[in-house]
Amino acid sequence: MFNLIKSIKKRDPAANNYLEIIFLYPGLHAILLHRIANCFWNLKLSFFAKIIAYISRMITGIEIHPAAKIGKNLFIDHGMGVVIGETSIVGNNVLIYHGVTLGGTSLTKGKRHPTIKDDAIIGAGAKILGPIIVGKQSRVGANAVVTRNVEDFSTVMGIPAKVIKKYEKKSSKTFTPYGTPIDID
């Protein structure tokens, strides 16, 4: 848990100290409650898992299905209105802003929600729909609607989302905030 708190401090310039993050960050609370709900889900205690998920949504405004797979150091910044569906997979060090939906497009059983790879940033209000993949270190611009795979090291924007920038593999581990680039060519 402390690694998550440290990663939030590193990625949020508004975070003044660790105590503030622990007590005042709903994204942190939602992830911690999701971890508990996910344990109950994995123990086949789905009713109790869904109760915890419901309480988490009531407290934080963030809805994460107990079956969703969440990697290390997910940071949900601001958080209100975020929805992460049942078969979603979110990698490590992902940043999701408020109003994001990782939703399904089908009622069939099986994989129907997105997979977000490591180090991706999903801008505010983005909708990522269906069993698609958003690649490693990719960026999804604010309010984009993504219904097709996004390659690694890409930035997509618009409705429907289109690639506006493709990067070479990034060697730098420095954090670049926000899902909408400011250096669009």
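Every read-out reported here was derived from the displayed coordinates using simple, explicitly stated rules and does not represent laboratory data. None of the values given here were measured: they were computed from a predicted structure. Note that each Cβ is placed from the backbone with ideal geometry, even for glycine, and that neighbours are counted across all protein chains shown.
Values [x] 35, 20, 13; [y] 30, 25, 12; [z] 25, 21, 13 are given for comparison; semi-axes √(5λ) of the Cα gyration tensor in Å, derived from the coordinates here, is the one labelled [z].
Classify region 25-119 from the C-alpha gyration tensor, please: rounded if a/c falls under 1.5, else prolate or oblate depending on whether a/b exceeds b/c. The shape class here is rounded. 3J(HN,Hα) along region 156-166, derived from phi through the Karplus expression 6.51 cos²θ - 1.76 cosθ + 1.60 where θ = phi - 60°, amounts to 10, 8, x, 10, x, 5, 10, 5, 10, 7, 10 Hz, with x in place of Gly and Pro. Stretched out straight at 0.36 nm per residue, the stretch from Asn149 to Asn3 would grow longer than its current Cα-Cα span by 49.6 nm.
Expressed as a rounded percentage, what relative contact order does the chain have, with Cα pairs under 8 Å and six or more residues apart? Write down the numbers at each step before the final one.
Details: 467 pairs, mean separation 22.2, N = 185.
After rounding, I find 12 percent.
Amide hydrogen proximity for Lys162: with H placed 1.01 Å from N in the peptide plane, the residues at 5 or more positions away or on another chain lying under 5 Å are Met157.
When a/c is below 1.5 the answer is rounded, else prolate if a/b is larger than b/c, else oblate, so apply that to region 72-114 with a ≥ b ≥ c taken from the square roots of the Cα gyration tensor eigenvalues. The shape class here is oblate.
Once the chain from Ile22 to Ile36 is taken as fully extended at 0.36 nm per residue, the excess over their C-alpha distance is 3.4 nm.
Listed peptides 10-22, 48-60, 27-39, 133-145 appear in the order 133-145, 27-39, 48-60, 10-22 once ranked by packing, highest mean of other Cβ atoms within 10 Å at the front. For region 72-82, 3J(HN,Hα) computed residue by residue from phi via the Karplus equation (6.51, -1.76, 1.60; θ = phi - 60°) reads 6, 6, 5, 10, 9, 8, 6, x, 3, x, 6 Hz, glycine and proline entered as x.
Bridging of Lys162 to aspartates and glutamates at a Cα separation below 19 Å is possible for Glu151, Asp152, Asp183, Asp185, once same-chain residues fewer than 8 apart are set aside.
Measuring against 20 Å, Cα to Cα, the residue pairs Lys136/Lys165; Lys50/Lys136; Lys44/Lys136; Lys69/Lys117; Lys136/Lys169; Lys44/Lys117 contain Lys50/Lys136; Lys44/Lys136; Lys44/Lys117 as the ones spanning a longer distance. Put a plus charge on the Cβ of each Lys and Arg, a minus charge on the Cβ of each Asp and Glu, and nothing anywhere else: the dipole of the chain about its Cα centre is then about 480 debye.
Between Ile133 and Thr115, Asn149, Val150, the built amide H atoms are under 5 Å apart, and every one of these is 5 or more places off in sequence or on another chain.
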